[in-house]
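A short write-up of the structure that comes next.
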Amino acid sequence: MAGVVDVPQQIQTDAKIVVKAITSVFHLKKTRTEPAREFIALKEINLEVKKGEFLVLVGPSGCGKSTLLDILTGLAQPTSGAVYIDGNKVTGPALDRGIVLQGYALFPWRTVRQNVEFGLEIKKVPKRERRAISDNFIHLVGLDGFADRFPHELSGGMKQRVAIARALAYDPEVLLMDEPFAAVDAQTRESLQDELLRIWEATGKTILFVTHSIEEAVFLGDRVAVLTPNPGTLREIVKIDLPRPRHNSDTRSSAEFGWIRRKIWELLQNAPHESRHHLNAVPVAEAISPTASL
Amino acid sequence: MRLPAAVNSLLLRSSGVLIFLILWETAPRLAWVDPYFVPPLSIVVREIWLLLETGDLSRHLLVSSWRAVTGLSLALVVALPLGIILGRWLTGLASALEPLLRLLSQINPFAMLPLFLLFFGIGETAKVAVVTWVTLWPILFYTIIATRTVDPLQIKSAAALGVSRSEMLCKVILPAAVPTIFIGIRIGASLTFFILIAAEMLGAGSGLGWLVHNSAMNYLIPRIYAGATFIVLLGFLLNRLLLYIEASLSIWQGSQSGSPVAGQSRASSWRPDRGSAVAGTAILVLVLILGALEVRRLNQEALAGASSSSSHAKHFGTPADSSDGGL
Amino acid sequence: MENGALRKAGVILLFLALWELAPLTGLVDPLFIPRFSGVLITIRDLYQTGEFLQHTRISLLRAFSGLAVAVVIGLPLGLILGGWFPRIQQATEPLMELCAVANPVILAHIIIFFLGIGETAKTFIIAWLCVWPITFSTITGIRSADDSLLKAARSLGLGRWQLFRLVVLPSAAPSIFTGLRLSAGYAFIMLIAAEMMGAGSGLGWFIVQSQESYHVLRLFAGATVITFLGLLTDVSIRLLQNRFAFWNSEPGESFHLQGRGIV
């Protein structure tokens, strides 16, 4: 096992993102009710994402998926292990990764255009070029005509489109999305998912998408990585063989979609520490489960 | 006949003031009150006009504004960086310092006035120091709160781009904090208006407060009313202007009204931009320069007038000196 | 928690130690800033003569009678305008705003025509300044009563008085207390101003006297006592607030209130 000390700075790999033996331990301070203790958020996570792949991390709250994303972003350091992008170790945040967060996190004092141009300003792109790029991405997310609006004048779905445009504008190769559609209503959510797939196909980015919705995970991903909590471990990676392009009504109503959804649901239900006896105790559920065939 | 709703509401809202003004005019005329002690509105308005014509009013206004702006600027220079540091980086120190800062801010500004007079003499420094002292605390406290409560998601999404510390400060923390900081500035400004007028009454040879005080000492009753009315109007306009700017700054903050009366200051279509910020700063700088010249001239005049009395009295306010300026 | 309180107390003690040591070591001129212990001793000596106690009593009486008048007028006024007569409230709001801006320092010379320079004038001046924050915050408090809460209460068939007593007043209480604390702060500020402008007694007068006769120790003693009294009043009202309106404690509220907004 690679210790904290000798994690190589570079590795040979074809994969876009390599997550290698990530463990993340938090030291919880003493509170009134509990003594100080260690909390293992992530344990020995290994993961590879190919270039241009759409990988979804799914898991219940508390499984460490947001911690994993923070480590990928470079905002947090793992206790041991490392993340490599194009074979180079991630040491901090950089413009080769874009992030989209659940709460939009738009800057309310900036217009849609200024929000989209934020990363470009940091990158010191000249003003005229910035304008052309932001025009392009505002068009891509379907917000033409809203460029000079302020975030408080937009609906939730529109804000999330701005956040996506902002993350894409400075041309990162990897897009990290942390439950981006969790705060919007169900209908908007489905149209945003469609939109995201369209944008992904148009731009060819590598996307790592975190969600707690199984349906969303199955609909979007090429593969779905299932995380289970206490401690956060990677339980299984499920390959989604649904044909692309996927369209909302057809894909979601197909039988296969239902089977895969069911399988991931099972995986999440049978969290390892209790599953041992549960699996044996309820063979009936296993027997009638259609996922056995998958 | 029905009036449009807007006209109707305007009429309703102004009715209280209108009735008051009518009463002010008629009560002395009909001898309900002694017109010697309460001159009717029209006479007071004429007196204001006269004061404006001779330039007295604008001169004293300029002097008072200079003191206010100087004091406020000094407070900003101290409180803004301190507030940002305490709110953003030294949060542990900030919470440890909180009771001490609260204690200091509770010190009565009028109790500080004699102290400052003692330290700095009766000159301009004491008055500017009082203004600085009074405005320092609201600006400091609101800056601490403003920078402390910047949305962590906004910080995170900027941090994910690997922005530098200064970029984080200029492009995220400050813009997010400005509306709240401005609340502190507004409160400081209204406090200044109150304290400065009082300080000018207690010991000064110029300024709006002195104008009223001087009129009272000489029993120029219409001039007292004229000065007081002008000050009230000025305060009202200043308050409204500041509330307006505050509302436009925090247009995106939802329904966070800062003060009870601010409730009705609706968000406007006007949005403060770089141009208006530059214009505002230019006006303030102009006040600083013109005011400084005027203050110097007035003080020299006062010095020449008081040349018969001891020449070093100015620096070290002797009892005689402070009473000649004040009471 | 206890750790934090200790550290906070430590910071204040550190400040007092600095106050004690700075003049002692000649860091500041002890003629201008006397040692903290010297100030404490002066306060003790002053109280032993009895005269100082008299000034303190008079000042407290003035501040609290002004505050009491303000509460007696402002609270019902706010309740009535905010609760029952919104149209009258609209009609009088600009006038009240003007009155609130017309702070008594400016009006003092006019008020003196009518009330002389006796105790009535001082009480009036203090009450005038204090009445507006109470009135405005009461109106705001009543206005901000949660609509769904009101609906729920009304659906229970509560009468007008019950509705007011059980729902409206409790939801307005935090705001009212905020106004009260603001007013109490004003009362002390105004008290000193009023006593400085024309009085023959009271702590404000005492401070001015000390300044004019260069009794720096007495000046500091007076200022310290006034600050202490103001602080004590603020803390007492805060305790009342915690007792009667504990459900609304916004974070950072202590810092907010220190802003002491006029209007």
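The values are calculated or read from the model by the stated rules, or taken from the named source; none is laboratory data. The structure displayed is predicted, hence computed values, not measured ones. Here Cβ is always computed from backbone atoms with ideal geometry, including for glycine, and neighbour counts include all displayed protein chains.
Here is how the numbers come out for the structure above:
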{"quantity": "Candidate set: region B:196-249, residues that are in a helix (DSSP H, G or I) and hydroxyl-bearing (Ser, Thr, Tyr); chosen: the one farthest from residue B:63 (Cα to Cα)", "calculated": "B:248"}
{"quantity": "Test: residue in region A:176-195 that is small (Gly, Ala, Ser), buried (at least 21 other Cβ atoms within 10 Å of the Cβ) and either touching a residue at least 60 places away in the same chain (Cβ under 8 Å) or farther than 18 Å from residue A:259 by Cβ (or both)", "calculated": "no"}
{"quantity": "Filtered residues of region A:136-176 (kept if in contact with a helix residue (DSSP H, G or I) (Cβ under 7 Å, 6 or more places away or on another chain), part of a helix (DSSP H, G or I) and of a type in the set (Gly, Ala, Ser))", "calculated": "A:156, A:157, A:165, A:169"}
{"quantity": "Of all residues making up region B:141-158, the number that are touching a Gly at 6+ places or on another chain (Cβ under 8 Å) and more than 8 Å from chain A (Cβ to nearest Cβ)", "calculated": "9"}
{"quantity": "Any hit, region B:121-135, residues being in contact with a helix residue (DSSP H, G or I) (Cβ under 9 Å, 6 or more places away or on another chain), at the interface with another protein chain (Cβ under 10 Å from one of its Cβ atoms) and either at pLDDT below 85 or under 30 Å from residue A:163 (Cα atoms) (or both)", "calculated": "no"}
{"quantity": "Selection count where residues are part of a helix (DSSP H, G or I), farther than 18 Å from residue C:189 by Cβ and within 13 Å of chain B (Cβ to nearest Cβ), scope region C:136-158", "calculated": "6"}
{"quantity": "Restricting region A:219-272 to residues that are free of Cβ contacts under 8 Å to residues at least 24 places away in the same chain and closer than 30 Å to residue A:37 by Cα, the residue that is farthest from the chain's Cα centre (by Cα)", "calculated": "A:270"}
{"quantity": "Total residues in region C:13-27, condition assigned to a helix (DSSP H, G or I), of a type in the set (Gly, Ala, Ser) and within 17 Å of residue C:216 (Cα to Cα)", "calculated": "1"}
{"quantity": "Answer residue from region C:188-236, given it is buried (at least 24 other Cβ atoms within 10 Å of the Cβ) and under 14 Å from the mean Cα position of the chain (by Cα) and is nearest to residue B:109 (Cα to Cα) among those", "calculated": "C:189"}
{"quantity": "Among (1) closer than 28 Å to residue A:64 by Cα; (2) part of a helix (DSSP H, G or I), the one test that residue A:202 misses", "calculated": "(1)"}
{"quantity": "Test: residue in region C:28-42 that is crowded, with 16+ Cβ neighbours inside 10 Å, outside any loop (DSSP other than H, G, I, E, B) and more than 14 Å from chain B (Cβ to nearest Cβ)", "calculated": "yes"}
{"quantity": "Exclusive hit being crowded, with 24+ Cβ neighbours inside 10 Å, at pLDDT below 85 and more than 10 Å from chain C (Cβ to nearest Cβ), set B:202, B:161", "calculated": "B:161"}
{"quantity": "Some residue of region C:160-168 being farther than 20 Å from residue B:104 by Cα, modelled with pLDDT under 85 and either within 13 Å of another protein chain (Cβ to nearest Cβ) or in contact with a Lys or Arg (Cβ under 6 Å, 6 or more places away or on another chain) (or both)", "calculated": "no"}
{"quantity": "Selection count where residues are without any contact (Cβ under 8 Å) to a residue 24 or more places away in the chain and not in a strand (DSSP E or B), scope region A:10-55", "calculated": "8"}
{"quantity": "Count of residues meeting criterion [within 14 Å of chain A (Cβ to nearest Cβ), β-branched (Val, Ile, Thr) and touching a residue at least 24 places away in the same chain (Cβ under 8 Å)] in region B:164-187", "calculated": "4"}
{"quantity": "Filter pass, residue B:138 being touching a Gly at 6+ places or on another chain (Cβ under 6 Å) and surrounded by 24 or more Cβ atoms within 10 Å (Cβ to Cβ)", "calculated": "yes"}
{"quantity": "Test for residue C:239: is it within 14 Å of another protein chain (Cβ to nearest Cβ), under 19 Å from the mean Cα position of the chain (by Cα) and within 30 Å of residue C:43 (Cα to Cα)", "calculated": "no"}
{"quantity": "Filtered residues of region B:23-41 (kept if within 17 Å of residue B:228 (Cβ to Cβ) and of a type in the set (Asp, Glu))", "calculated": "B:25"}
{"quantity": "Pairs, first more than 19 Å from residue B:95 (Cβ to Cβ) in region C:5-23, second among the hydroxyl-bearing types (Ser, Thr, Tyr), C-beta under 7 Å, six or more apart", "calculated": "C:20/C:37"}
{"quantity": "Residue in region A:82-100 that is in contact with a strand residue (DSSP E or B) (Cβ under 7 Å, 6 or more places away or on another chain), surrounded by fewer than 19 Cβ atoms within 10 Å (Cβ to Cβ) and at the interface with chain B (Cβ under 10 Å from one of its Cβ atoms) present", "calculated": "yes"}
{"quantity": "Cross-chain or 6+ apart pairs with Cβ under 6 Å, region C:198-223 first and free of Cβ contacts under 8 Å to residues at least 40 places away in the same chain and within 10 Å of chain B (Cβ to nearest Cβ), then crowded, with 23+ Cβ neighbours inside 10 Å and polar (S, T, N, Q)", "calculated": "C:219/C:211"}
{"quantity": "Hits in region C:91-115 - residues which are within 23 Å of residue B:195 (Cα to Cα) and either of a type in the set (Val, Ile, Thr) or part of a loop (DSSP other than H, G, I, E, B) (or both)", "calculated": "C:101, C:102, C:103, C:105, C:106, C:110, C:111, C:112"}
{"quantity": "Count of region A:115-135 residues which are exposed (fewer than 13 other Cβ atoms within 10 Å of the Cβ) and outside any helix (DSSP H, G or I)", "calculated": "2"}
{"quantity": "Region A:107-139, subset hydrophobic (A, V, I, L, M, F, W, C) and at the interface with chain B (Cβ under 8 Å from one of its Cβ atoms), residue farthest from residue A:184 (Cα to Cα)", "calculated": "A:122"}
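Okay, residues lined up against (1) within 9 Å of another protein chain (Cβ to nearest Cβ); (2) modelled with pLDDT of 80 or more:
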{"site": "B:189", "(1), (2)": "no, yes"}
{"site": "B:192", "(1), (2)": "no, yes"}
{"site": "B:195", "(1), (2)": "yes, yes"}
{"site": "B:208", "(1), (2)": "yes, yes"}
{"site": "B:212", "(1), (2)": "yes, yes"}
{"site": "B:225", "(1), (2)": "yes, yes"}
{"site": "B:231", "(1), (2)": "yes, yes"}
{"site": "B:261", "(1), (2)": "yes, no"}
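Matching residues to (1) basic (Lys, Arg); (2) within 30 Å of the chain's Cα centre (by Cα); (3) away from chain C (no Cβ under 14 Å); (4) within 30 Å of residue B:206 (Cβ to Cβ):
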site	(1), (2), (3), (4)
B:10	no, yes, no, no
B:31	no, no, yes, no
B:37	no, yes, no, yes
B:45	no, yes, yes, yes
B:50	no, yes, yes, yes
B:53	no, yes, yes, yes
